[in-house]
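Following: one structure in structure tokens, then a few remarks.
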Amino acid sequence: MTELSKDRVRELLTLVQQIFEQGRAFKVFPPKEVVDDPAVLRDPAVVEKLAGTQWWLKFHNGDETLLEFVELLALVYQLREFRRRLGASTGTVTVSVQFSVKDVLEQATELLASLDLEGIAREPFVPTYPLFGLHDADGRLVCTQAGTDRIAFVFTSEALAAAFATALRHGRAVRIADDAAAFKVLLKLGASNAVAFDPLFASGRVEVTTLVPVATILAR
């Protein structure tokens, strides 16, 4: 596959910035090749097998766009890198991600595994340890209320937790669990019924990509 044009890379970077700054949640609809055979996503030859396919993105505001396979991978790569920079920074992060198509394609299976694809069952999320959270002034884990759900904010890195606390202007990053057993004890003692892993706070709203019911975590 050839490199993307500079204009196309700029368009993808603009889309990344809009996703973070405007909280543009989106769904990804895979092509027929994936719907018919989801195992292709883990195939070492996934790049060759899905080259030329088109992927449909539908945003929460009704906007839609079609991306070529390599463009989808480039978008996911840029989103991941921007998120990583955001978590490691205490200041303003600008969207400027340098990459080559070769680098992106080499990470194809990893990038695809990070997506929730419509109509495709996803492997259950398993967090890495240690885990971090936010404590309020009373030492309680900072949560949010969403309808009938009380959702705890939990992070897989201290940098991400600190960046979230700074953006939220509430709470301080603390280490909350060193392993699965300790995390389960914490959840049993708390009042949350769901966990948002590595959420982001931007433009006055919380963005959650990985939400796991507490009951599911305790049952593992």
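The values are calculated or read from the model by the stated rules, or taken from the named source; none is laboratory data. Note that this is a predicted model, so its numbers are computed, not measured. Please note: Cβ atoms are built from the backbone with ideal geometry, for glycine as well, and neighbour counts cover all protein chains shown.
Points worth noting:
- Here the condition is being assigned to a strand (DSSP E or B), of a type outside the set (S, T, N, Q), surrounded by 15 or more Cβ atoms within 10 Å (Cβ to Cβ) and modelled with pLDDT of 90 or more; of Phe164, Phe153, it holds for Phe153 alone.
- Across region 190-220, the number of residues qualifying as of a type in the set (Ser, Thr, Tyr) and farther than 25 Å from His60 by Cβ comes to 0.
- Single residue of region 1-54 satisfying the filter (modelled with pLDDT of 85 or more and among the aromatic types (Phe, Trp, Tyr)) that is farthest from Leu117 (Cα to Cα): Phe26
- Residue in region 109-130 that is outside any loop (DSSP other than H, G, I, E, B), more than 15 Å from the chain's Cα centre (by Cα) and crowded, with 16+ Cβ neighbours inside 10 Å present: no
- Among the residues of region 58-83, the one identified as farther than 22 Å from Ser100 by Cβ and aliphatic (A, V, I, L, M) is Leu66.
- The single condition from (1) out of contact with any His (no Cβ under 8 Å at 6 or more places or on another chain); (2) assigned to a strand (DSSP E or B); (3) touching a residue at least 12 places away in the same chain (Cβ under 8 Å) that Gln145 fails is (3).
- For Thr65, the requirement of being in a helix (DSSP H, G or I) and closer than 28 Å to Asp198 by Cβ is not met.
- Single residue of region 36-57 satisfying the filter (surrounded by fewer than 14 Cβ atoms within 10 Å (Cβ to Cβ) and touching a residue at least 40 places away in the same chain (Cβ under 8 Å)) that is farthest from Lys102 (Cα to Cα): Arg42
- Flag if Ala167 is under 21 Å from Pro124 (Cα atoms) and touching a strand residue (DSSP E or B) at 6+ places or on another chain (Cβ under 7 Å): no
- Matching residues in region 1-35 - criterion: being surrounded by 12 or more Cβ atoms within 10 Å (Cβ to Cβ), under 18 Å from the mean Cα position of the chain (by Cα) and not in a loop (DSSP other than H, G, I, E, B): Leu12, Leu13, Leu15, Val16, Gln17, Gln18, Ile19, Phe20, Phe26, Lys27, Val28, Phe29
- Test: residue in region 171-189 that is exposed (fewer than 15 other Cβ atoms within 10 Å of the Cβ), more than 30 Å from Ala39 (Cβ to Cβ) and at pLDDT below 90: no
- Unmet criterion (only one of (1) outside any strand (DSSP E or B); (2) in contact with a helix residue (DSSP H, G or I) (Cβ under 7 Å, 6 or more places away or on another chain)) for Phe201: (1)
- Candidates Val212, Val195, filtered to the one that is part of a strand (DSSP E or B), out of contact with any Asp or Glu (no Cβ under 9 Å at 6 or more places or on another chain) and at pLDDT 90 or above: Val195
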